[in-house]
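Chemist: The structure's right below; bear with me while I get my questions together.
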Amino acid sequence: MDNITGAELIRACSAIGAGLAVIAGIGPGIGQGIAAGHAASAVGRNPGAKSDITSTMLLGQAVAETTGLYGLLVAILLMFVQPLV
Amino acid sequence: MQGSILLSSGSDIDIMVHGLFSYELFGHEFWITTTHVSILIVMIILIGFSIAANRAMKHASEVPGGFQNVVELIVEMLENMVCGTMGKCGGRFVNYVGTIFIFILISNLSGLFGLRPPTADYGVTLPLALLSFILIHFNQFKYQTPKQIWTDMCSPLPPWLPIWFPINLISEIAVPISLSLRLFANVLSGTIIMALIYALLSKVAYFWPGALHAYFDVFSGCIQTYVFCMLTMTYISNAIGEEE
């Protein structure tokens with residue numbers, strides 16, 4: 001264990017940090033599930049408005065996805081760009 | 001892997017933008033990258049389509065048929081989308097929104113042909129979002145009085161108590177950043193996963209890259225195109241306000 005250099009240690013810690021950063025995906029998963037569930041019940045109540053409900057749901061889900069994508073971006077930066085090494 | 005345009009042309013994982021050749025300008029070194037090449041291919045496709053559409057519409061007939069039908073379908077679809085979202089002031093923004101819609105759509109779909117999608121480069125999505133940002137604030141200053149804008153910027157509190165002004169300012173500045181990062185990160189994550197699959201291709205993967213392409217390029221690309229244009233239209237409608 002003596003021959004680990006500082007750069008290797010930082011690279012390993014960056015990999016751990018990248019794994020921690022994508023935990024941010026939990027939030028958008030819950031949010032998109034709630035949006036899809038409410039859209040499904042809305043279609044059940046009013047089947048005539050299916051196309052409007054679908055487009056609104058997709059728009060809201062895509063906006064809710066943004067926070068998860070920020071976590072993904074941090075993970076990608078840590079893994080591939082490696083700003084700390 | 002230096003100099004390869006296609007994503008799937010090697011056995012190792014390749015997700016980065018590569019420089020093809022460099023040149024000097026005003027003492028700085030600039031690179032022509034793979035993004036420039038893919039964007040050039042997208043532009044050539046779009047220009048070729050526009051020339052063909054122009055030629056078809058010059059010999060337009062009363063009863064449309066063939067290619068003329070396709071062009072009219074696309075134009076009508078874009079007009080319905082913009083006017084359905086923005087109401088009666090939508091007609092002036094059909095050109096801008098339609099242009100970025102078609103450009104982002106073809107850019108995202110270019111991943112299907114093995115190119116690295118141009119929108120997977122932050123240097124492409126940030127200018128698109130900045131264009132939308134400038135358009136939003138140009139329309140805000142055109143249709144609202146400075147007093148209205150100031151009241152809006154201090155919004156939860158009365159206008160003589162501008163405690164919320166810095167927070168509202170930050171949320172205004174966050175608009176182009178979140179617009180561009182959303183598109184960029186979606187396309188980039190699809191590109192990375194496809195590159196990982198292609199690196200596996202010689203070992204275990206046989207047919208499922210097709211299904212993943214259908215999701216990451218076609219479905220996700222179309223959704224993100226729609227979302228980008230939809231948010232642009234919503235912000236512009238908000239900036240124009242209720243009057244007219």
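The values are calculated or read from the model by the stated rules, or taken from the named source; none is laboratory data. Bear in mind that the values here come from a model prediction, so they are computed numbers and not experimental data. A quick note on method: Cβ atoms are made from the backbone with ideal geometry, for glycine too, and the neighbour counts reach across all protein chains shown.
Chemist: Which of (1) part of a helix (DSSP H, G or I); (2) free of Cβ contacts under 8 Å to residues at least 60 places away in the same chain; (3) surrounded by 13 or more Cβ atoms within 10 Å (Cβ to Cβ) does residue B:32 not meet, given it meets every other one?
Modeler: It fails just one condition, (1).
Chemist: Could you tell me whether residue B:188 is surrounded by 12 or more Cβ atoms within 10 Å (Cβ to Cβ), touching a residue at least 60 places away in the same chain (Cβ under 8 Å) and within 14 Å of chain A (Cβ to nearest Cβ)? Outline the logic, then answer.
Modeler: On the way: surrounded by 12 or more Cβ atoms within 10 Å (Cβ to Cβ): yes; touching a residue at least 60 places away in the same chain (Cβ under 8 Å): yes; within 14 Å of chain A (Cβ to nearest Cβ): yes.
Yes, satisfied.
Chemist: Out of the residues in the stretch A:30-58 that are in contact (Cβ under 8 Å) with a residue 24 or more places away in the chain and within 14 Å of chain B (Cβ to nearest Cβ), state the one that is surrounded by the fewest Cβ atoms within 10 Å (Cβ to Cβ).
Modeler: Of all residues in the stretch A:30-58, those in contact (Cβ under 8 Å) with a residue 24 or more places away in the chain come to A:31-32, A:35-36.
Now drop any that are not within 14 Å of chain B (Cβ to nearest Cβ), which leaves A:32, A:35-36.
Details: A:32: 18, A:35: 18, A:36: 14.
This residue is A:36.
Chemist: OK, next. Please enumerate the residues belonging to the stretch B:95-115 that are under 17 Å from residue B:214 (Cβ atoms) and of a type in the set (S, T, N, Q).
Modeler: Matches in the stretch B:95-115: B:108, B:110.
Chemist: Could we say that residue A:79 is crowded, with 16+ Cβ neighbours inside 10 Å and over 23 Å from residue B:188 (Cβ atoms) here? First the steps, then the outcome.
Modeler: Numbers: crowded, with 16+ Cβ neighbours inside 10 Å: yes; over 23 Å from residue B:188 (Cβ atoms): no.
Criteria not met by residue A:79.
Chemist: Additional query: Regarding residue A:61, is this residue more than 10 Å from every other protein chain (Cβ to nearest Cβ), surrounded by 15 or more Cβ atoms within 10 Å (Cβ to Cβ), among the polar types (S, T, N, Q) and within 27 Å of residue B:219 (Cβ to Cβ)? Can you show your working first?
Modeler: Details: more than 10 Å from every other protein chain (Cβ to nearest Cβ): no; surrounded by 15 or more Cβ atoms within 10 Å (Cβ to Cβ): yes; among the polar types (S, T, N, Q): yes; within 27 Å of residue B:219 (Cβ to Cβ): yes.
For residue A:61, the condition - more than 10 Å from every other protein chain (Cβ to nearest Cβ), surrounded by 15 or more Cβ atoms within 10 Å (Cβ to Cβ), among the polar types (S, T, N, Q) and within 27 Å of residue B:219 (Cβ to Cβ) - is not met.
Chemist: Which residues, taken from the stretch B:138-178, are under 28 Å from residue B:123 (Cα atoms) and not polar (S, T, N, Q)?
Modeler: Pass one, the stretch B:138-178, residues under 28 Å from residue B:123 (Cα atoms): B:138-141, B:166-178.
Passing the criteria: B:138, B:141, B:166, B:167, B:169, B:170, B:172, B:173, B:174, B:175, B:176, B:177.
Chemist: I've got another one for you. Here's a check for you: in the stretch B:132-176, which residue that is touching a residue at least 40 places away in the same chain (Cβ under 8 Å) and of a type in the set (Phe, Trp, Tyr) is surrounded by the most Cβ atoms within 10 Å (Cβ to Cβ)?
Modeler: B:133
Chemist: Count, please, the residues in the stretch A:64-85 that happen to be of a type in the set (Val, Ile, Thr) and at the interface with chain B (Cβ under 8 Å from one of its Cβ atoms).
Modeler: First pass over the stretch A:64-85, keeping only residues of a type in the set (Val, Ile, Thr): A:66-67, A:74, A:76, A:81, A:85.
Then keep just the ones that are at the interface with chain B (Cβ under 8 Å from one of its Cβ atoms); that gives A:66, A:76.
Residues meeting the conditions: 2.
Chemist: Looking at (1) at pLDDT 85 or above; (2) within 21 Å of residue A:74 (Cβ to Cβ), which is the only condition residue B:166 fails?
Modeler: If we test residue B:166 against (1) at pLDDT 85 or above; (2) within 21 Å of residue A:74 (Cβ to Cβ), just (2) comes out false.
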